[in-house]
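This report refers to the structure that appears directly beneath it.
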Amino acid sequence: MNKFKATTRILIVDDHPMMRDGLTMRISSQADMTVCGEAATEDDAIELVNQLKPDLVVVDISLKSGNGIELVKRIAILDSSIKMLVVSAFHESLYAERALRAGALGYLNKQDSNEKLIEAIRTLVQGERYVSAEITQRLVTQALGKRNVTLDPIEQLTDRELEIFKLIGAGVNTSAIAEQLFLSTHTVDTHRENIKRKLGAKTGAELNRQAIQSMLESG
């Protein structure tokens with residue numbers, strides 16, 4: 001027996017039109033799902049959440065304006081009943097736990113989205129989490145107090161530091177980062193110093209190289 005209500009209304013938030021089209025096509029092929037709206041930016045997504053009251057939001061990390069993790073946090077505050085699935089090209093070791101902490105119920109890598117998107121959505125609709133077995137084991141290990149899990153230094157960055165690190169890797173300078181994130185340049189410089197310390201970068205140039213390399217590796 002179908003446990004789902006007649007139609008699950010889904011909002012897609014992704015800055016790539018082709019990706020939105022692909023997600024819409026796969027979701028719309030299901031009789032019990034419909035795409036009620038699409039957005040490319042954080043603010044547009046919030047506006048549509050208020051207007052459309054979707055049951056579920058599929059969110060990318062990288063948006064045309066704003067940030068997927070921050071969007072998840074904002075939606076969770078607006079309406080905790082809305083379920084959120086983060087679908088991203090970034091490796092889950094960097095973002096899955098951050099997404100769950102922010103309020104998402106699941107995380108799916110874009111490379112797996114063709115095969116597993118519908119399965120992930122159905123899992124969330126049932127009120128269950130959807131993450132890989134590796135992340136599940138990691139969360140269990142942490143919950144049991146076994147904190148000696150080896151972390152990549154980048155994983156030790158805060159959400160804001162990681163956001164700035166990504167922008168550095170994309171070649172965005174301090175002033176532009178400050179403007180984009182609505183921060184002062186002093187605050188961005190402080191974050192840069194904290195990132196350098198956590199990653200063991202001795203100079204700004206070394207930090208830039210690490211950020212660019214990270215962006216290349218993440219695709």
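Overview of results
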| item | result |
| --- | --- |
| Residues that are under 16 Å from Arg20 (Cβ atoms), free of Cβ contacts under 8 Å to residues at least 60 places away in the same chain and part of a loop (DSSP other than H, G, I, E, B), drawn from the stretch 54-112 | Pro54, Asp60, Ile61, Leu63, Lys64, Gly66 |
| Selection from the stretch 164-173 of residues that are surrounded by fewer than 19 Cβ atoms within 10 Å (Cβ to Cβ) and of a type outside the set (A, V, I, L, M, F, W, C) | Gly171, Asn173 |
| Number of positions in the stretch 63-102 that are among the hydroxyl-bearing types (Ser, Thr, Tyr), more than 23 Å from Ala133 (Cα to Cα) and touching a helix residue (DSSP H, G or I) at 6+ places or on another chain (Cβ under 7 Å) | 1 |
| Count of residues meeting criterion [at pLDDT below 95 and in contact with a helix residue (DSSP H, G or I) (Cβ under 8 Å, 6 or more places away or on another chain)] in the stretch 41-52 | 1 |
| Extreme residue, surrounded by the most Cβ atoms within 10 Å (Cβ to Cβ), among residues of the stretch 180-219 that are without any contact (Cβ under 8 Å) to a residue 12 or more places away in the chain and within 19 Å of Gly66 (Cα to Cα) | Leu183 |
| Of residues in the stretch 105-121 being within 30 Å of Gln210 (Cα to Cα) and either at pLDDT 90 or above or not assigned by TED's automatic domain parsing to the domain that holds Thr24 (or both), the one surrounded by the most Cβ atoms within 10 Å (Cβ to Cβ) | Tyr107 |
| Residue match in the stretch 88-101 (condition: surrounded by fewer than 18 Cβ atoms within 10 Å (Cβ to Cβ) and at pLDDT below 80) | yes |
| Members of the stretch 168-200 found to be assigned to a helix (DSSP H, G or I), among the polar types (S, T, N, Q) and within 20 Å of Gln210 (Cβ to Cβ), listed by number | Thr174, Thr190, Asn194 |
| In the stretch 122-138, residue nearest to Leu56 (Cα to Cα) [restricted to those that are surrounded by 15 or more Cβ atoms within 10 Å (Cβ to Cβ) and at pLDDT below 85] | Ser132 |
| Hits in the stretch 201-219 - residues which are in a helix (DSSP H, G or I) and of a type in the set (S, T, N, Q) | Asn208, Gln210, Gln213, Ser214, Ser218 |
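Residue-wise test of (1) surrounded by 23 or more Cβ atoms within 10 Å (Cβ to Cβ); (2) closer than 16 Å to Leu108 by Cα; (3) under 14 Å from the mean Cα position of the chain (by Cα).
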residue	(1), (2), (3)
Thr8	no, no, no
Ile46	no, no, no
Leu52	no, no, no
Ser65	no, no, yes
Leu78	no, no, no
Val86	yes, yes, yes
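The values are calculated or read from the model by the stated rules, or taken from the named source; none is laboratory data. None of these values were measured; they are calculated from a predicted model. Virtual Cβ from ideal backbone geometry, glycine too; neighbours counted across all protein chains shown.
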